[in-house]
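Accompanying notes for the structure given below.
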Amino acid sequence: MYGGHDQLVPPHATEATWNVLPAGPVRAFYPDAYHLLLRDLKRAEPIGDMVTWIEHPDWGGLPSGADRTAIGTSTRSK
């Protein structure tokens, strides 16, 4: 999980980590979010994604679509 406006974790560090992860872990990118995703004004979205993933890990996607946003997306904020 990474917020596009994160000012503490550099985008290149997240990209480097995501690039070496195997295919299994779910990645989620929230372009308009900041570092503390669960305290962000838009926290309902990542919280909902986390609850869904915990309750249905094989469901095949996050309700917000942040997992699809993370695929092939640079973590640099646009």
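Every read-out reported here was derived from the displayed coordinates using simple, explicitly stated rules and does not represent laboratory data. Just so it is clear, the structure is predicted and the values come from calculations on it, not from any experiment. We place every Cβ from the backbone using ideal geometry, glycine too, and count neighbours over all the protein chains shown.
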Original post:
Taking the stated definitions as given, is residue 23 out of contact with any Cys (no Cβ under 9 Å at 6 or more places or on another chain) and closer than 12 Å to residue 1 by Cα?
Top reply: no
**OP:** Could you list all residues from region 1-30 that are of a type outside the set (D, E, K, R) and crowded, with 16+ Cβ neighbours inside 10 Å?
**Re:** 1, 2, 3, 4, 14, 18, 28, 29, 30
Original post:
Applying the selection to region 20-48, what residues are in a loop (DSSP other than H, G, I, E, B) and touching a residue at least 40 places away in the same chain (Cβ under 8 Å)?
Top reply: 26, 27, 28, 31
**OP:** Take residue 66 and decide whether it is surrounded by 12 or more Cβ atoms within 10 Å (Cβ to Cβ) and touching a Phe, Trp or Tyr at 6+ places or on another chain (Cβ under 6 Å).
**Re:** yes
Subject >> Every residue from region 49-61 that is in contact with a Pro (Cβ under 9 Å, 6 or more places away or on another chain) and either part of a loop (DSSP other than H, G, I, E, B) or within 12 Å of residue 1 (Cβ to Cβ) (or both) >> reply: 49
Subject >> Within region 31-48, tally of residues that are closer than 15 Å to residue 62 by Cβ and surrounded by 12 or more Cβ atoms within 10 Å (Cβ to Cβ) >> reply: 9
